[in-house]
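Enquirer: The structure's right below; bear with me while I get my questions together.
The values are calculated or read from the model by the stated rules, or taken from the named source; none is laboratory data. Fair warning: this is a prediction, and the values are worked out from it, not measured in the lab. For neighbour counting, all protein chains shown are included, and Cβ atoms are generated from backbone atoms with ideal geometry for every residue, glycine included.
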Amino acid sequence: MSATGAEQAAHGAPGAGAPPPVTVSKPVVKEIVEWDEYPGQFKAVDSIDVRARVSGYLEQIHFTDGQMVNQGDLLFSIEKRPFEIAIESAQAQLAEANAQLSLANRNLKRYEKMREGNIVGESDYDDRVEAVSAAKAAVAVAQAQLRDAQLDLGYTEIHAPVTGRISRHEVSAGNLITGGYSGDVTLLTTIVSVDPIYFDFDMSEANYLAYQRAAERGAMPSMRDNQIKVFAKLPDEEEWKHEGTLEFLDNQVNETSGTIRARATFSNAGRTFTPGQFAHVRVPGSELYTAILLPESAIVTDQSQKIALVVDAEGTVGVKILRVGPGYDGMRIIREGLSPDDTVIIDGLMRARPGSKVTPEEGTIGSEPQAALAE
């Protein structure tokens, strides 16, 4: 060794054979819940096609397209005059039927007295009894016709059946619209409720089975108990800040897709969500447990295996074969192969080789140390 080399070794200066420096840290150990993420779509709890129950000329529209309406608000008015005339006609028919009933009752009383004196025959008396019955039936028919006419008049005002956001009007005032309960009935507009709102999504049969097994072990509540909290995220959001409840699971698995339909309910008081809008939802996929986490940058792929490089007390590099799980909070869950006490190389992997010596420098797993390493 040269004098200069001896001096460097004596003073601890790095020489050509000095172990390369690497940044090391203990793995992150924390209690977590694993989450499964699914795409889906918001759907209105109530979606109503507004149609008229009677035909007539549309007289007036009482809303602005796209506004919020409350249940019972007046939406459309149909011309009333033909229905008012129908009521007057029904009232006249009822009055005539009552008059006929009154006459039949008077005739029956006269025939009762004559029958007692055997002045009239039994068949004539029976005719008067039947006349009273027929007059009563005519009164009942006239009363029903009057109620029907009054009902039709009430249907000339079309009110909002639910609270929600109304669409545009499909027919302008002045047009003849067709009403009724079947056939070619004119669509006037649609209303969708907005609060609360549904979120429909499909989960795989494998995940559904895993949830069932966890519920059987008592590790998680059943997905059919309406107790599981889920979280939604819109396409332009980074955080899962919208909390809802899983409240429906279909009764069969789709044979074609191998998925089962699920539905969560979210509060939408702030009108954040719109029916038909796409988003993602995450569902708890495990019970709360203590997990070991590593950043993706500390995991090396060696052929078909995932490994981590660790350093012992003497600075020797070792290998840990890992079984990794899904990602969590920007890191990867380590199922097997690593203990909380292992010292893992988190930066400088290219300078480390299994069995070689390194100079470990303490670091911290997280966003700040990563920025420091970049410097």
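Enquirer: Output the number of residues of region 343-368 satisfying the condition of being surrounded by 15 or more Cβ atoms within 10 Å (Cβ to Cβ) and among the hydroxyl-bearing types (Ser, Thr, Tyr).
Expert: Residues that pass the stated criteria total 2.
Enquirer: Note down all Cβ pairs under 8 Å where the first residue falls in region 349-367 and is touching a residue at least 40 places away in the same chain (Cβ under 8 Å), the second is loosely packed, with under 14 Cβ neighbours inside 10 Å and among the charged types (D, E, K, R), and they're at least six residues apart or on different chains.
Expert: Pairs found: LYS357/GLU314.
Enquirer: Now, a different point. If I ask for residues that are within 23 Å of ARG168 (Cα to Cα) and among the β-branched types (Val, Ile, Thr), which ones from region 27-64 would you list? Break it down into steps so the answer makes sense when it comes.
Expert: Within region 27-64, the subset within 23 Å of ARG168 (Cα to Cα) is 41-64.
If the condition is that a residue be within 23 Å of ARG168 (Cα to Cα) and among the β-branched types (Val, Ile, Thr), then VAL45, ILE48, VAL50, VAL54, ILE61, THR64 are the ones that fit.
Enquirer: Suppose we keep only residues that are under 16 Å from ALA214 (Cβ atoms) and among the hydrophobic types (A, V, I, L, M, F, W, C) within region 278-290. Which one would you say is surrounded by the most Cβ atoms within 10 Å (Cβ to Cβ)?
Expert: Filtering region 278-290 for residues that are under 16 Å from ALA214 (Cβ atoms) and among the hydrophobic types (A, V, I, L, M, F, W, C), the one surrounded by the most Cβ atoms within 10 Å (Cβ to Cβ) comes out as VAL283.
Enquirer: Now a separate question. If you check GLY56 against the conditions, is it under 30 Å from LYS233 (Cα atoms) and at pLDDT 90 or above?
Expert: It is false that GLY56 is under 30 Å from LYS233 (Cα atoms) and at pLDDT 90 or above.
Enquirer: Right, next: Does region 253-263 include one or more residues that are closer than 18 Å to ALA232 by Cβ and among the β-branched types (Val, Ile, Thr)?
Expert: no
Enquirer: Next up: For residues that are farther than 30 Å from ILE228 by Cβ and polar (S, T, N, Q), scanning just region 161-213, find the one that is surrounded by the fewest Cβ atoms within 10 Å (Cβ to Cβ).
Expert: Among them, the one singled out is SER182.
Enquirer: Let me ask another. Give me the residue from region 214-228 that is touching a residue at least 24 places away in the same chain (Cβ under 8 Å) and surrounded by fewer than 19 Cβ atoms within 10 Å (Cβ to Cβ) and, out of that set, farthest from ALA173 (Cα to Cα).
Expert: Checked region 214-228; the qualifying residue farthest from ALA173 (Cα to Cα) is ALA219.
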